[in-house]
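The structure appears right after this line, and notes come after that.
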Amino acid sequence: MMKSLWCGSLCAAVFATALNAEQAAQNPIGAAGQNGGQNGAAQQSSQDRSSQDRSSQNRSAAGSQEDKDVQALASMNPDQKFLFKMACANNFEVQLSKLVLSKAQNDKVKQIAQQMMDDHTRAGEQIKQAAQKASAGQIPQQLARWEQAKLDHMSKLPVEDLEEGYAFHLVGAHHQTLLMTQREITKGQDQTVKDLAQNLQKDLRGHLQHANAVAMQFSGGEIQGIVGEPVSAGSGTGDRAAHNRAGQTGQSGGQSGQGAQNGGGQIGGQTGQSSGQPGQSGQSGRTGGAQNK
């Protein structure tokens, strides 16, 4: 009895194996596709993990470098800080413009992205040369963590949002950079760095005006007061003083006019009153003469 059962189980196993082999022979493409799909999924998962590991390593390296940069920044003089911050801003503009240029579809956005890449690449060399000449030490070559995070965020945006965000970013960033260069020109101590700021301002003004024109496509109109020419503190004070003088002159004019009006009324009233008094005196004289007659 046991021998009979064992023989039956063995026959069933042999039959099942033969059936699977026959099905695989009839459909080799399906079997290969299934295995290929499994292998492809495993390969993709491995690539994703490798990409995540590289991103994590990059963030860790950037964070470590940023900590060192922050410590170094605390010991810098104002001229060195200007060079450091300009280098950071310049690096970010190059990387962001490269991203936008690879994805944008709007011709005007692509045009300004190319201009930013070219001009800021050249500016990066100027900043490096000025830092060497001024003995300012090493300037940053990597993006800060917040810059890398912003770049990663913008890389995931739909094309339309990326184009709009890039145009708006350029307006705000170049306003800030113009203020930085103006401060260095006004308060800087190292002439080499001051000359750099002066030279950079020429391109920055043009960038701001171009960026404002591109941003108007998305905003629907120009915002008053956005210009490419920074206003110095002296001219602003002079404008306020002239405005105050004009206000004082207008106020004095109003008081003079009111005084003339009041004075004219008082004089006219007094004259009329005096004219009435002689008339009253004549009338009294005539009355008295008639009575004497």
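Coordinate-derived values only; no laboratory data. As the structure is a prediction and not an experimental result, all values here were calculated from the model. Note that each Cβ is placed from the backbone with ideal geometry, even for glycine, and that neighbours are counted across all protein chains shown.
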Taking 0.36 nm per residue of separation and subtracting the Cα-Cα distance, what length does fully extending S75 through D118 add? 12.3 nm
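Stretch S102-V159 to full length: gain in nm at 0.36 nm per residue minus the Cα-Cα span? If you can, show how the numbers build up before the last one.
On the way: separation 57, 0.36 × 57 = 20.52 nm, distance 1.05 nm.
Full extension of this stretch gives 19.5 nm more.
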Rounded to the nearest 20 debye, dipole of the stretch 70-218 from Cβ charges on Lys, Arg, Asp, Glu: 320
Over the stretch 70-218, what relative contact order in percent results from Cα pairs under 8 Å that are six or more residues apart? 30
As I understand it, the dipole of the stretch 70-218 uses +1 on the Cβ of Lys and Arg and -1 on the Cβ of Asp and Glu, about the Cα centre. Which of V159, H207, N91 lies farthest toward its positive end? N91
Take the cross-link list K98/K133; K110/K187; K108/K194; K81/K108; K133/K156 and give me the ones stretching past 31 Å between alpha-carbons. K110/K187; K108/K194; K81/K108; K133/K156
Based on a Kirkwood Rh over C-alpha pairs, give the Stokes-Einstein translational diffusion coefficient of the stretch 70-218 at 4 °C and viscosity 1.567 mPa s in µm²/s. 82
